[in-house]
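Before we start, here is the structure in question, set down as structure tokens.
The values are calculated or read from the model by the stated rules, or taken from the named source; none is laboratory data. Nothing here was measured: the structure is a model prediction, and the numbers come from that model. As a convention, Cβ positions derive from the backbone with ideal geometry for all residues, glycine included, and neighbour counts pool all protein chains shown.
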Amino acid sequence: MKKDEIISKVRAGGVIGAGGAGFPAHVKLNATVEHVLGNGASCEPLLMSDPCLMENDPDSILRGLQLVMDCTGARQGSICLKGKHQGAMDALKKKVGKGSFKEIDLFELGDFYPAGDEQVLVYEVTKRIVPEGGIPLQVGAVVSNVETLINIKRAVDEGIPVTERYLTVTGEVLRPMIVKVPIGISVKDVIALAGGATLDVYRVVMGGPMMGQVIHDMSAPVTKTTSGIIVLPANHNIITGKIKNPEQVRKIAATICCQCTRCTDLCPRKLLGHRLEPHKIMRSLGWDTNLDSETLQDALICSECGICEKYACPMMISPREVNAAIKRELLTNGIKRSVEKKEYRPSNFRDMRRIPTKRLMQRLGISCYDDHPGFFETEIPISEVAIPLKQHLGAPSVSLVSKGDHVIKGDVIGEIPESALGARVHASISGRVTSVGDVVVIRG
């Protein structure tokens, strides 16, 4: 199949990166690289949908990786996963290196966080360091999450657009599970599928415990990038750390940071040789709030992995939240960081400063939820979905439907604006459109 044809079908299917910020896949495929990495690291603690997909549908993942290789001209492809996921390893070992998958291999990752960060992953596999603020393309690589690879395969081979999402539902629910749900289903309905919460008072994290966000509205919809729903006690340390007032967090950090440098010592970006030093950003808050400061601008290369605040800091302050706030302020003001480093050398201490996932879960207080839930395969009766027109990096899609229109599952309801970075949006159920705005509501 020709490159243009693959890209056209991926674009038509509304495929975006399922494991990160939602970068439109058709744009990523329009490149030439040497190596394609299928990211099955299942980076965040508790999230298990990627290992489940690799164990149960290895052919679709490998076919998707093969299509990306064909499109980008890559001569090598690797599925990257942790050795502890033995079922997934066994299923893939039977397929790779044989027949049409002979150019694909497996790369076994250690059980550390954040193994699935794309810059960390690229270095683990290729020993090449992505420049500060850069992307894997700059070192001849493309990284795609394994669910993205399945969506690419379905879009190209079967003409099926992205209307569903696999996610992990865990924590304080009656039946923890991995489930495939229609895009736009509410958090409330997802929790109901898992038998409901086991607590009267609880809060919900959408995503993983490290990088996910606390949901304040239970009607919030699942999107193409939602990887998990975690129900936790309202006073759990993960919850309390994510709902602090940003300005208060900043003031506390400027007041009590003891400059121990542990956040910098364990920072995955610093360990790769990048200039990021979170402790210096914390120090500068007390006297220098000038956005032109080189120190503050280093926040732009923070991956927001959360190690600094959830694992490293003995004072229990939040460098990640501070970095994220500074980053938003810099981007709002159109300030970009100039990259001066041309050569990068990883720290000699990098391997010994990896964060073991089990130790991280103990520190977070979530080891009791590490139960590897099974896949829930029953058909889900959903009466209503609320589908955001922006689920991806770039411009929101433009609605193609009006209130009262009847749509069929798979119909295009949102189109990419002309000459803009974006992704198509499709109806995830059949029914009638009851509302159109930033979100399209469809009632079955």
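Between a first residue in the range 403-429 that is within 19 Å of Ser8 (Cβ to Cβ) and a second residue that is assigned to a loop (DSSP other than H, G, I, E, B) and of a type in the set (Lys, Arg), which pairs have beta carbons less than 7 Å apart while being 6 or more apart in sequence or on different chains?
Qualifying pairs under 7 Å: Val412/Arg424; Gly414/Arg424; Glu415/Arg424; Ile416/Arg424.
Quickly run through the range 336-362 and pick out the residues that are touching a helix residue (DSSP H, G or I) at 6+ places or on another chain (Cβ under 7 Å) and surrounded by fewer than 16 Cβ atoms within 10 Å (Cβ to Cβ).
Pro346, Ser347, Arg350
Restricting to the range 394-410, what's the tally of residues that are part of a loop (DSSP other than H, G, I, E, B) and surrounded by 13 or more Cβ atoms within 10 Å (Cβ to Cβ)?
Residues in the range 394-410 being part of a loop (DSSP other than H, G, I, E, B) and surrounded by 13 or more Cβ atoms within 10 Å (Cβ to Cβ): 9 in total.
Here is a further query. Do any residues in the range 241-269 that are among the small types (Gly, Ala, Ser) have Cβ atoms under 8 Å from those of residues that are part of a loop (DSSP other than H, G, I, E, B), where the two are at least six apart or on different chains, and which pairs are they?
Pairs found: Gly241/Ser318; Ala253/Leu285; Ala253/Ile317; Ala253/Ser318; Ala254/Leu285; Ala254/Gly286.
Of all residues being more than 24 Å from Arg128 (Cα to Cα) and of a type in the set (S, T, N, Q) in the range 18-73, which is surrounded by the fewest Cβ atoms within 10 Å (Cβ to Cβ)? Just the residue, please.
Asn56
Continuing with the same structure: Only residues that are of a type in the set (Val, Ile, Thr), over 14 Å from Ile326 (Cα atoms) and in contact with a His (Cβ under 8 Å, 6 or more places away or on another chain): list them for the range 250-304, please.
Correct list: Thr261, Thr264.
Only one of these conditions is not met by Ile183: (1) touching a helix residue (DSSP H, G or I) at 6+ places or on another chain (Cβ under 7 Å); (2) within 30 Å of Asp70 (Cβ to Cβ). Which number is it?
Of the numbered conditions (1) touching a helix residue (DSSP H, G or I) at 6+ places or on another chain (Cβ under 7 Å); (2) within 30 Å of Asp70 (Cβ to Cβ), the odd one out for Ile183 is (1).
Take residues that are surrounded by fewer than 22 Cβ atoms within 10 Å (Cβ to Cβ) and tell me which of the strands (runs of 3 or more DSSP E) falling wholly in the range 202-264 contain 3 or more.
213-215
Let me ask something additional. When you scan the range 107-117, do you find a residue that is free of Cβ contacts under 8 Å to residues at least 12 places away in the same chain and assigned by TED's automatic domain parsing to the domain that holds Met54, even just one?
Scanning the range 107-117, I find no residue that is free of Cβ contacts under 8 Å to residues at least 12 places away in the same chain and assigned by TED's automatic domain parsing to the domain that holds Met54, so the answer is no.
Against the condition under 30 Å from Gly13 (Cβ atoms), at pLDDT below 90 and buried (at least 18 other Cβ atoms within 10 Å of the Cβ), how does Pro388 come out, does it pass?
No, not satisfied.
Per-residue answers, yes or no, for (1) touching a His at 6+ places or on another chain (Cβ under 8 Å); (2) under 21 Å from Arg165 (Cα atoms); (3) of a type in the set (Val, Ile, Thr):
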| residue | (1), (2), (3) |
| --- | --- |
| Arg11 | yes, yes, no |
| Ala25 | no, yes, no |
| Ala41 | no, yes, no |
| Pro51 | yes, yes, no |
| Asp59 | no, yes, no |
| Asp70 | no, no, no |
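How about the range 298-323: which of its residues are touching a residue at least 60 places away in the same chain (Cβ under 8 Å) and among the small types (Gly, Ala, Ser)?
Ser303, Gly306, Ser318 - these are the residues of the range 298-323 that are touching a residue at least 60 places away in the same chain (Cβ under 8 Å) and among the small types (Gly, Ala, Ser).
Now a separate question. Being surrounded by fewer than 20 Cβ atoms within 10 Å (Cβ to Cβ) and among the β-branched types (Val, Ile, Thr) narrows it down to one residue among Ile380, Ile429, Ile413; which is it?
Residue meeting the stated conditions: Ile380.
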